[in-house]
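Since the structure comes first, as structure tokens, the remarks are kept for the end.
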Amino acid sequence: MFTTEHLQLRGFESSDARRILDLWNNVDVQPAISNEYIVPRGPKFMDKIAAWVEDAVMFLTIETRAMSGSSDETVNQPEHSLTTERQFVGTTSITMSHPKNRDGIFGITLEPEFWGRGYGEEVTRFVVAYCFHSLGLHRISLMVFGGNERALNLYEKVAFVEEGRKRKVNWTDGHWEDMIYMGLLKEEWEVKDMEY
């Protein structure tokens with residue numbers, strides 16, 4: 001298990017599958033992460049989740065950190081991160097596009113109630129650093145829909161750069177969206193990490 005300032009990232013457990021299915025079925029989440037029809041997914045979809053987990057180098061469940069309530073642990077914690085029980089926040093993963101080239105594909109999905117709290121940046125920075133320093137990756141790639149401004153701003157803040165664009169590839173809410181391909185090289189991260 002990994003911990004960040006406000007969160008813990010642990011390995012997938014079978015009991016997570018239902019929460020992930022519920023996350024994917026959220027009408028605010030699904031259009032941002034899927035180019036398929038935006039429709040509710042049934043229990044059979046959990047087979048796809050299991051396949052993703054199996055294919056990933058790292059598939060982590062994100063939870064809030066449980067605090068015991070002692071003043072030493074809570075004095076510097078934002079109020080929204082204090083909880084006596086862990087709450088499911090979302091998932092993050094790294095899959096390999098070409099293992100020989102040490103290119104990992106990053107993904108992250110958070111419950112809407114946790115948007116705007118800095119958790120996306122906290123997890124992304126941790127996973128990127130871990131991939132470069134501990135997994136020996138040379139680059140990290142990702143794909144994001146052009147209409148997902150929140151994600152685009154996050155990725156640019158962490159130092160991902162746009163590498164390409166597939167125009168008008170996703171029909172959503174009555175309009176076409178581009179698919180944006182972004183990447184981050186280890187040497188770029190090292191420069192950005194020193195600034196951060």
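Every number here is computed from the coordinates shown, using simple stated rules; none is lab data. No experiment lies behind these values; they were computed from the predicted model shown. Please note: Cβ atoms are built from the backbone with ideal geometry, for glycine as well, and neighbour counts cover all protein chains shown.
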Of Thr61, Thr91, Thr172, which is the most mobile in a GNM of the chain whose springs link Cα atoms less than 10 angstrom apart? Thr172
What nm distance separates the two modelled labels at Met46 and Tyr181, each placed 7 Å from Cα along Cα→Cβ? 3.6 nm
Note to self: C-alpha centroids of region 122-188 and region 32-48 sit apart, in Å, by 21 Å
Taking GluC sites (Glu not before Pro) that fall in a DSSP loop and have at most 10 other Cβ atoms within 10 Å as cut points, what is the longest piece of the chain between them? 86-196
Figure the gain on full extension for Trp115 and Arg150 (residue separation times 0.36 nm, minus the Cα-Cα span) and round it to one decimal in nm. 11.7 nm
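Fewest Cβ neighbours within 10 Å first, please rank Val127, Val29 accordingly. It would help to have the intermediate numbers written out before the result.
Details: Val127 25, Val29 18.
In order of increasing Cβ crowding within 10 Å: Val29, Val127.
Output the DSSP H helices from the chain with an along-axis C-alpha extent of no less than 20 Å and a mean Kyte-Doolittle hydropathy no less than -0.5. Mind showing how you got there, number by number?
Numbers: long enough: 119-133 (21 Å, 0.27).
Passing helices, by number: 119-133.
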Points 7 angstrom from Cα along the Cβ direction at Arg167 and Val27: gap in nanometres? 3.3 nm
Given [x] 20.3, 73; [y] 17.9, 59; [z] 17.0, 52, which label gives Rg and Dmax of the Cα atoms in Å as computed from the coordinates? [z]
